[in-house]
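These notes are about the structure you will find just below.
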Amino acid sequence: MDITIATLLLLLLCGFISTKDVLLPNIKHLPEAADEIISEFKPTIGSLPEQVHLSLSDDAYSMVVLWSTAEEQEEENSYVHYGVGEDNFTLTVDAQSEDLSNGNPLGCKDVLLPNIKHLPEAADEIISEFKPTIGSLPEQVHLSLSDDAYSMVVLWSTAEEQEEENSYVHYGVGEDNFTLTVDAQSEDLSNGNPLGCKGVYRGVMKDLVPGQMHSYRVQTGRHFSRKYSFKCPDSEANQSASFLVYGDLGILGGGYTLARLITEAKSQKYSAVIHVGDFAYDFHSNGGRRGDDFMRSLVPVASRLPYMHSVGNHEIPFAFMHYRFRFSSPGTPWPIPLYRMWYSFHMGLVHFISYSTEVYYTYNQMYVSAQYKWLTEELQEANRNRDTRPWVIVFGHRPMYCSNFNNDDCTKNRSQLRMEPHNLERLFHQQGVDLIIQAHEHSYERLYPLFDGVQTDCSYVNPKAAIHIIAGSAGCNEREMLCADVILGKPHHWSAKRSWLPGLNGYARLNVMNSTHLNWQQVMSITDQPLDQFYIVQEHHGPRQEVVERRCKQQR
């Protein structure tokens, strides 16, 4: 049989098809057709085939198939695999390719996907979340912890707020169980978001079973999301727990990190994600589309694990609107009010506190005193419960100390976070905070136990002050995605480990093992190998009084 060689048309249509420029037929009244059409809309990456279609050939025993990719792949072979019957691909023919550049100058040069081409498993799952936003079609589904151990918040977005339509979360224990239904509230995210998804939704799944898998999907109007699942964390105080921790994650520079996080989330080893400020770079960029793209990329992680957070400086524009609407916090109203961008939650042996460093650097200083008062009361409450939850871990975006070669506040002798009368360092020290996690600097740095510029210990065994970690190396979009804040010169005596070179992006695995032992492992995203690892041993949790200076003999 004379097999006709398949023809390949190459289009430079390589950009993400976003909310406002999707040229789809009017399919809103044909949901079955809509779903099939929508499944074909995904961002074009490298040699990923798309736009597959048939044409008659020269005889009755042949058929031409054509398709497109982002750019012509001259160095790569292209084929058609086919056969008679279902799932039969035993025959293979080569395909020719052509470059369609003339009359196609722009293509789409602003593809807002992370660099996932070397990790195809992660790429497939991320790509599945990129589809045109139509009416009430749900997308950007993600989880957040609720007010108790038997509830979970789920949030999602649609192209436009559907005020006239009901929105729900359907869920249940086990696989494909959607027997429980709760209503969802909706808000309109228009401010600072002229081109992005306007409808934002929040529902609370209740009566969950800790330690068990649950299925869920969301509904807006007549449209359902695809099915998702998560394991409800067991927050009992006698349980060990592990967490994924990082800050400063962009949709472009954070590609390798995001791919690793997807693998980690699938492992079911972790109770939650902690993102210590600076998202997307930035939520409001490109009229809000950047924020939508970022949240779509997070779905494979954040639909499986509650995505906990603190606010960063890149969330400041439009009165933190994107941060306050896109995320939810335990114990606070939603959307998150400006006067409560701080919260706490319990997980296993830990009392976690998320605080806002940005109140110290923005216009309304009234929030500084409001947060400080809340933090004081919250830490006092944590100390009353040390027998149950001995570890107190706080996380906020900007560091109090750093070794970076720039003019950021943490390089100064006394940062604003350490100034009276609302000195966070002094408060955390007096109340016995064990670990302070920060970001902002696009580097990784581990400090020795430290208070008021004084290194109190040479190790992490029963430290007399809190340990500061800067975990801002997840990968941002700045400086052509090199995204590194240089550390040069002789290190400070309190700096134990530093890493800043471009490409050494990473995240942390935080494992709270028991009441006395905690492990931190910093992982390089590109290799999945540990960059740093240490243990904190603390047998005397609680408030602190005196500080004794002790310097290590050998500097590192």
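The values are calculated or read from the model by the stated rules, or taken from the named source; none is laboratory data. Keep in mind that this is a model prediction, so the values were computed, not measured. Counting neighbours? That spans all protein chains shown, and the Cβs are built from the backbone with ideal geometry, glycine included. Accessible surface is based on the protein model in full, side chains and every heavy atom, while ligands, DNA and RNA are left aside. Shrake-Rupley method; radii C 1.70, N 1.55, O 1.52, S 1.80 Å.
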Flag if Ser297 is in contact with a helix residue (DSSP H, G or I) (Cβ under 6 Å, 6 or more places away or on another chain) and of a type in the set (S, T, N, Q): yes
Enumeration of residues in the stretch 528-541 that are part of a loop (DSSP other than H, G, I, E, B) and either at pLDDT below 90 or surrounded by 13 or more Cβ atoms within 10 Å (Cβ to Cβ) (or both): Asp528, Gln538, His541
Given (1) at pLDDT 75 or above; (2) of a type outside the set (Gly, Ala, Ser); (3) surrounded by fewer than 16 Cβ atoms within 10 Å (Cβ to Cβ); (4) closer than 30 Å to Thr263 by Cβ, index of the condition Asp35 fails: (1)
Leu106, sole failed condition from (1) of a type in the set (A, V, I, L, M); (2) at pLDDT 80 or above; (3) open to solvent by 40 Å² or more (accessible area, probe 1.4 Å); (4) under 36 Å from the mean Cα position of the chain (by Cα): (2)
Filter result for the condition that a residue is assigned to a loop (DSSP other than H, G, I, E, B), open to solvent by less than 30 Å² (accessible area, probe 1.4 Å) and in contact (Cβ under 8 Å) with a residue 40 or more places away in the chain, over Gly196, Gly172: Gly196
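Conditions tested, residue by residue: (1) in contact with a strand residue (DSSP E or B) (Cβ under 9 Å, 6 or more places away or on another chain); (2) among the hydroxyl-bearing types (Ser, Thr, Tyr).
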| position | (1), (2) |
| --- | --- |
| Tyr270 | yes, yes |
| Val273 | yes, no |
| Gly287 | no, no |
| Arg290 | yes, no |
| Asp293 | yes, no |
| Leu298 | yes, no |
| Leu305 | yes, no |
| Gly312 | yes, no |
| Phe320 | no, no |
Output for the stretch 204-218, where each listed residue is under 17 Å from Trp156 (Cα atoms), open to solvent by 10 Å² or more (accessible area, probe 1.4 Å) and either in a loop (DSSP other than H, G, I, E, B) or not charged (D, E, K, R) (or both): Val204
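Residue by residue, here is whether (1) part of a loop (DSSP other than H, G, I, E, B); (2) open to solvent by 30 Å² or more (accessible area, probe 1.4 Å); (3) hydroxyl-bearing (Ser, Thr, Tyr); (4) closer than 29 Å to Glu236 by Cα holds:
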site	(1), (2), (3), (4)
Arg446	no, no, no, no
Ile470	no, no, no, yes
Gly489	yes, yes, no, no
Lys497	no, yes, no, no
Asn511	no, yes, no, yes
Val523	no, no, no, yes
Ile526	yes, yes, no, no
Some residue of the stretch 420-429 being under 23 Å from Val245 (Cα atoms), open to solvent by less than 40 Å² (accessible area, probe 1.4 Å), out of contact with any Leu (no Cβ under 6 Å at 6 or more places or on another chain) and of a type in the set (A, V, I, L, M): no
Residues of the stretch 389-409 that turn out to be open to solvent by 30 Å² or more (accessible area, probe 1.4 Å) and either on the phi > 0 side of the Ramachandran plot or modelled with pLDDT of 95 or more (or both), as a count: 2
Answer residue from the stretch 183-193, given it is touching a Lys or Arg at 6+ places or on another chain (Cβ under 7 Å) and in a strand (DSSP E or B) and is surrounded by the most Cβ atoms within 10 Å (Cβ to Cβ) among those: Ala184
Whichever residue in the stretch 276-286 is open to solvent by less than 10 Å² (accessible area, probe 1.4 Å) and outside any loop (DSSP other than H, G, I, E, B) and, among such residues, is nearest to Tyr150 (Cα to Cα): Val276
Count - residues of the stretch 307-339 that are closer than 30 Å to Gly542 by Cβ and either in a strand (DSSP E or B) or without any contact (Cβ under 8 Å) to a residue 24 or more places away in the chain (or both): 4
Criterion (open to solvent by 10 Å² or more (accessible area, probe 1.4 Å), over 19 Å from Leu143 (Cβ atoms) and modelled with pLDDT of 95 or more) met by exactly one of Arg289, Arg340, Arg304, Arg324: Arg340
One residue from His429, His397, His422 being in contact with a Ser or Thr (Cβ under 7 Å, 6 or more places away or on another chain) and more than 24 Å from Tyr507 (Cα to Cα): His422
Failed criterion for Phe178 (all others in (1) at pLDDT 95 or above; (2) farther than 30 Å from His351 by Cβ; (3) buried (at least 18 other Cβ atoms within 10 Å of the Cβ); (4) out of contact with any Pro (no Cβ under 9 Å at 6 or more places or on another chain) hold): (3)
Residue list for the stretch 307-321, restricted to those being surrounded by fewer than 24 Cβ atoms within 10 Å (Cβ to Cβ) and among the polar types (S, T, N, Q): Asn313
